[in-house]
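Just below is one structure, and these are the notes that go with it.
The values are calculated or read from the model by the stated rules, or taken from the named source; none is laboratory data. Here the structure is a predicted model, which is why all the values come from computation and not from measurement. Because the Cβ atoms are built from the backbone with ideal geometry, glycine has one as well, and the counts that use them run over all protein chains shown.
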Amino acid sequence: MHTDTDSGFTARSFRGRHGGTEHFINVSACDHLTLQEQIELLEERYTEGLRTLGLGEETAVFRRIYLSDAINQAAIVRQSTILTETPDNPVAVSIVQQPPLPRAKIAMLAYHIETDDRFVKQRLSPRHLLVEKNGQRHLWSTRLCAGGHDNAVSAGAQTRIVFDDLVQALSDQRANLAENCVRTWLYVKDVDVFYQAIVDARGDLFLQHGLNKDTHYIASTGIEGACAHQLDLISMDAYSNLGLKPGQMTYLNDFDRLCATKDYDVHFERGTRIGYADRAHHFISGTASIDKVGKVVHPGNVLAQLDRALENVEGLLSAGTAHLDDMMHLTVYLRDPSDYAAVEGHLSRVLRDMPTQIVQGPVCRPEWLIEVEGTAVVDNNQPEFPTF
């Protein structure tokens, strides 16, 4: 683990018996600088942090860039080293408008893989990156959106557009949504207005692809956010594993604390576990202060909601083979940015040294003041599965 909050660079790493080391990195900027100055500072902190970890540029797999005003900032950010790539070193990069708190214009989450074995990154299209490692093929899909369609295209139609893009990319690789998609992040402009249209469209599309309440869904976060196109209501990132073996993907539930999402007619898994011979990944969906009958717990109290959300995450992880301390990173979404100081102070006490990014992002129910998500990685011994 590398933690230096004063430098704006925090990282947590997992090294397995085989398959190399995974690094989850958060980088932040200072709030009193211009956008260009913040970008340059982020680049400096990222470069220095990678040097401290001994990581080369070729180890980068995924970066998510959080912006305070994507429409005006994205073009400038695209000129920076955190977005530019060379043909022999492509990187999956997400850009989402979710203002980094307390008041920065830009922040970043990055994922790197360090290994003695060669792994190959191949740019399939501007939105899809294929990573091949130890016989496994990992598809990272970023910045899926309607691409600036006119405003007559509804939120539901845009939802179908972004999923159709993912479905086609999977099909081109002889894979499919039901068997290979592990995780999605759906960003919704004005979530209080448009979320239900997305839920309905996603539910219809899932039925067409063999995903229903009697099979399974996909781990997901549905949260307020935006891409850089003015008229786009929906954007999405996704992670898929194209070489999963039977039983390698399982689903995480804790019915003592949480009801099934189908009980209130939404369509996502609360958590998904991917087992490998040497480790297990636990992808935790956006998790809020909800009880086992689907009701909001602790309305109006952001810290009590945070504690309940973390308890729910612990329950989901315990249903797999992990615990809260095994989280590699945490993303926290706040409806009200004025709650930042209280939330940040509380997290620094209960989850000390965990790379955490707090952003402004209203949750899908107005009563939820906060939501959390992240990924846990733990040792695993299932030799029947591939090595990561």
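For residues in the range 175-187 being in contact (Cβ under 8 Å) with a residue 40 or more places away in the chain and over 16 Å from residue 221 (Cβ atoms), which is surrounded by the fewest Cβ atoms within 10 Å (Cβ to Cβ)? Ranking the candidates gives 179 first. Checking 276, 333 one by one, the residue that is in contact (Cβ under 8 Å) with a residue 24 or more places away in the chain and either farther than 24 Å from residue 17 by Cβ or among the small types (Gly, Ala, Ser) (or both) is 333 and no other. Scan the range 50-71 and give yes if some residue there is touching a Cys at 6+ places or on another chain (Cβ under 8 Å), more than 27 Å from residue 283 (Cα to Cα) and not β-branched (Val, Ile, Thr), otherwise no. No, there is no match, as no residue in the range 50-71 is touching a Cys at 6+ places or on another chain (Cβ under 8 Å), more than 27 Å from residue 283 (Cα to Cα) and not β-branched (Val, Ile, Thr). Just to verify a result, which residue in the range 180-201, among those that are under 18 Å from residue 66 (Cα atoms) and aliphatic (A, V, I, L, M), is farthest from the chain's Cα centre (by Cα)? If we take residues in the range 180-201 being under 18 Å from residue 66 (Cα atoms) and aliphatic (A, V, I, L, M), then 191 is farthest from the chain's Cα centre (by Cα).
If the condition is being assigned to a strand (DSSP E or B) and in contact with a Ser or Thr (Cβ under 7 Å, 6 or more places away or on another chain), then the range 220-239 contributes 220, 221, 234, 236, 237, 238. For the range 332-367, the set of residues classified as touching a helix residue (DSSP H, G or I) at 6+ places or on another chain (Cβ under 7 Å), part of a loop (DSSP other than H, G, I, E, B) and buried (at least 21 other Cβ atoms within 10 Å of the Cβ) consists of 362, 364, listed by residue number.
Checking 105, 133 one by one, the residue that is touching a helix residue (DSSP H, G or I) at 6+ places or on another chain (Cβ under 8 Å) and either under 22 Å from residue 9 (Cβ atoms) or crowded, with 16+ Cβ neighbours inside 10 Å (or both) is 105 and no other. Listed conditions (1) small (Gly, Ala, Ser); (2) surrounded by 18 or more Cβ atoms within 10 Å (Cβ to Cβ); (3) assigned to a loop (DSSP other than H, G, I, E, B) are all met by residue 300, apart from (2). Of the strands (runs of 3 or more DSSP E) lying entirely inside the range 1-93, those carrying at least 3 residues that are surrounded by 13 or more Cβ atoms within 10 Å (Cβ to Cβ), at pLDDT 95 or above and of a type in the set (A, V, I, L, M, F, W, C) are 9-15, 21-28, 60-67. Scanning the range 279-297 for residues that are surrounded by fewer than 21 Cβ atoms within 10 Å (Cβ to Cβ) and part of a loop (DSSP other than H, G, I, E, B) yields 291, 292, 293, 294, 295, 297.
Of 174, 137, all but one fail to be at pLDDT 95 or above and in contact with a Gly (Cβ under 6 Å, 6 or more places away or on another chain); the exception is 137.
Every residue, every condition in (1) more than 18 Å from the chain's Cα centre (by Cα); (2) of a type in the set (Asp, Glu), yes or no:
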position	(1), (2)
160	yes, no
172	yes, yes
176	yes, no
203	yes, no
214	yes, yes
226	no, no
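Taken over the range 224-260, residues that are closer than 18 Å to residue 372 by Cβ and either charged (D, E, K, R) or in contact with a helix residue (DSSP H, G or I) (Cβ under 7 Å, 6 or more places away or on another chain) (or both) amount to 7.
Of all residues in the range 283-299, those that are under 17 Å from residue 179 (Cα atoms) and touching a helix residue (DSSP H, G or I) at 6+ places or on another chain (Cβ under 6 Å) total 0.
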